[in-house]
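Working notes, beginning with the structure itself.
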Amino acid sequence: MATVQEAFLRAFHATHPAVTTRAMARGRSADGRSSYELLRDRVPGCTRVLDLGCGDGLLLELLATSGPPRTVLAGVDLSAEELALARRRPGLGPAALCAARAQQLPFSAARFDGVVSHMALMLMGEAEQVAAELARVLEPGGTLAVVLGGGAADGGTEAYGEFLRLARPLFRAAPAEQQIPSLGDRRLRTREGWDAVFGPAGFGPVAWETVRIDLTGSPEQVWATVSGFYDLGPLDPDVRADLRSRFAAESAELALPDGRIPCAMTVHLATATRT
């Protein structure tokens, strides 16, 4: 099953590199930080940091350009296209970037004192093996901090929730060949499930915080956010075009006086210590 999941993710990101950054980077929490900045600030004293599922390198660049000097920065991802974009970031010259699976990391034991992962860990299969590998490469006392998707905010009354109401029937009705494989392990989306996976691997109880991320923006910006759903990728172009048209009409009714569309989602910030 993990092979099927990973093949789909590689193909999707080959066609849509930087999709997560386009969807999430402009979002802000109540204190003005993006979800990437929130995650960066969870490893403030770590000097040897691995970004698991680093994508186009935005989080690594934030780590490289702020906080204490990082003696080691590394990023792994399944997608060659995402890694190519990461290598173009001027702040990532010294970072080690490589294509690798989280279930088999190419690093020695206790190589890092911090591991971060933004919207990627929840997509990975073989969760126990991922947890074992992270325990192996983290030194005792090291910090694992991740951002996980939490779904629509504000009871789903804004554009994100409206998109889900329009799109989910299409996802369910799509022919089998246009449906995506089941991604990740649902246990990693809850505090209890997280501890069930990571506790036996050698991590202490998780600190779990749910944060609202405001993604309000122009109609084009909001569409860029919601259209990052993996389920959209395999659908027929005419189905996607019709969904965009209907979403534009529905979300326009929510528009603020300045024309922006209110949109928000929640993320879970999970932090655990390697015991």
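Throughout, read-outs are computed from the coordinates displayed, never taken from laboratory work. Note that the coordinates shown come from a computational prediction; the quantities given were computed from them, not determined experimentally. As a convention, Cβ positions derive from the backbone with ideal geometry for all residues, glycine included, and neighbour counts pool all protein chains shown.
Here are the numbers for this structure:
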read-out: Along principal axes, Cα extents of the chain, largest first, whole Å; value: 52, 41, 38
read-out: Calculated FRET value between R87 and R165, using beta carbons and R₀ = 30 Å, to 0.05; value: 0.15
read-out: Positive minus negative residues near R260 (Lys, Arg vs Asp, Glu; Cβ under 14 Å); value: -3
read-out: Theoretical FRET efficiency, 1/(1+(r/R0)^6), r = Cβ-Cβ of R186 and A25, R0 22 Å, to 0.05; value: 0.25
read-out: D236 versus R260: modelled label distance in nm, points set 7 Å from Cα along the beta carbon direction; value: 3.8
read-out: Neighbourhood net charge (13 Å Cβ-Cβ; Lys/Arg +1, Asp/Glu -1) for G202; value: -2
read-out: Whole-Å distance, taken between Cα centres, linking the stretch 120-165 and the stretch 11-87; value: 14
read-out: Selected from V72, L83, P219, residue furthest toward positive end of dipole (the chain; charges at beta carbon); value: V72
read-out: For the stretch 1-151: relative contact order, % (alpha-carbon pairs under 8 angstrom, 6 or more apart); value: 24
read-out: Karplus (6.51, -1.76, 1.60) ³J(HN,Hα), θ = phi - 60°, over the stretch 79-94, in Hz, Gly and Pro reported as x; value: 9, 5, 5, 5, 5, 4, 5, 4, 5, 7, 6, x, x, 10, x, x
read-out: Charge-dipole axis of the stretch 143-201 as Lys and Arg at +1 and Asp and Glu at -1 on Cβ define it, positive-most pick from P169, L144, T157; value: P169
read-out: Cβ-Cβ FRET estimate between A110 and A174, R0 fixed at 30 Å, reported to 0.05; value: 0.10
read-out: Integer Hz, Karplus 6.51/-1.76/1.60 couplings in order for the stretch 138-153, x for Gly and Pro; value: 8, 6, x, x, x, 10, 10, 9, 9, 10, 10, x, x, x, 5, 9
read-out: In Hz, Karplus ³J(HN,Hα) per residue of the stretch 221-238 (6.51, -1.76, 1.60; θ = phi - 60°; x = Gly, Pro); value: 5, 5, 4, 4, 6, 6, 7, x, 4, 4, 4, 6, x, x, 5, 4, x, 5
read-out: Distance (nanometres) between label positions extended 7 Å along Cα→Cβ at R136 and D41; value: 3.5
read-out: Cut-off 12 Å between beta-carbons: net charge of the residues surrounding M122, Lys and Arg +1, Asp and Glu -1; value: +2
read-out: For H268, H118, order by how many other beta-carbon atoms lie within 10 Å, fewest first; value: H268, H118
read-out: Projected label distance in nm at D154 and A11, using a 7 Å step from Cα toward the beta-carbon; value: 3.7
read-out: For L97, residues with placed amide H under 5 Å, excluding near neighbours; value: G75
read-out: Given charges at beta-carbon only (K, R positive; D, E negative), |dipole| of the chain in Debye; value: 480
read-out: G151 long-range amide H proximity, modeled H, under 5 Å; value: T266
